[in-house]
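The values are calculated or read from the model by the stated rules, or taken from the named source; none is laboratory data. From a predicted model like this one, the values you see are computed outputs, not experimental measurements. When we count neighbours, we look across all protein chains shown, and the Cβ atoms used for this are built from the backbone with ideal geometry, even at glycine. Ligands, DNA and RNA are excluded from the accessible area calculation, which covers all protein heavy atoms including side chains. Shrake-Rupley method; radii C 1.70, N 1.55, O 1.52, S 1.80 Å.
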Amino acid sequence: MKTLEELEAERMAWSLKVFTQATCLSSLQKLRDEIDEVETDVINGDDPTEEYVDCLMCLFDSAGRRGISVADLTEAFARKLAKNKARRWVKNSNNTYSHVK
């Protein structure tokens, strides 16, 4: 099986050929639509796996069109995880969490 980085390189090359007018911002707008589809699947008890993947693809597309690679994201992910683990967190009224500033 291909790595996520290999799959994303393939997807990005295809996306640049097919979606020639897309931008990092238009890919974020599409991500918003895909998030709604995930939410619908979760609410309806349907399998949201493919919709989560659509979200990842839109996010990677936006990042890629901004010049940010999967390798860049992986490195930033590790740094951000370490930073978040060191923070204190509080629960918000809507069941989300925010770090204490």
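Side notes on the structure shown:
- The chain, accessible surface, carbon-and-sulfur percent (1.4 angstrom probe): 58 percent
- Calculated diffusion of the chain, Stokes-Einstein form, Kirkwood radius summed over Cα pairs, 25 °C and 0.890 mPa s, µm²/s: 157 µm²/s
- Expected 222 nm ellipticity per residue - DSSP helices of 4 or more, -39500 (n - 2.57), all of the chain, to 500: -23000 deg cm²/dmol
- Charge tally in the Cβ shell below 13 Å around Arg11, where Lys, Arg are +1 and Asp, Glu are -1, Arg11 excluded: -3
- Folded to 0 to 90 degrees: helix 70-85 orientation relative to the chain principal axis, Cα: 0 degrees
- Contact order normalised by residue count of the chain, Cα under 8 Å, 6+ apart, percent: 25 percent
- Each 10 Å bin from zero up to the one holding the largest Cα-Cα distance in the range 1-47 carries the following percent of pairs: 22, 33, 37, 7.
- Summed residue charge, Cβ within 11 Å of Ala63's Cβ, Lys/Arg positive, Asp/Glu negative: -1
- Residue-by-residue Karplus 3J(HN,Hα) for the range 96-101, coefficients 6.51, -1.76, 1.60, Hz, glycine and proline x: 8, 10, 10, 7, 6, 8
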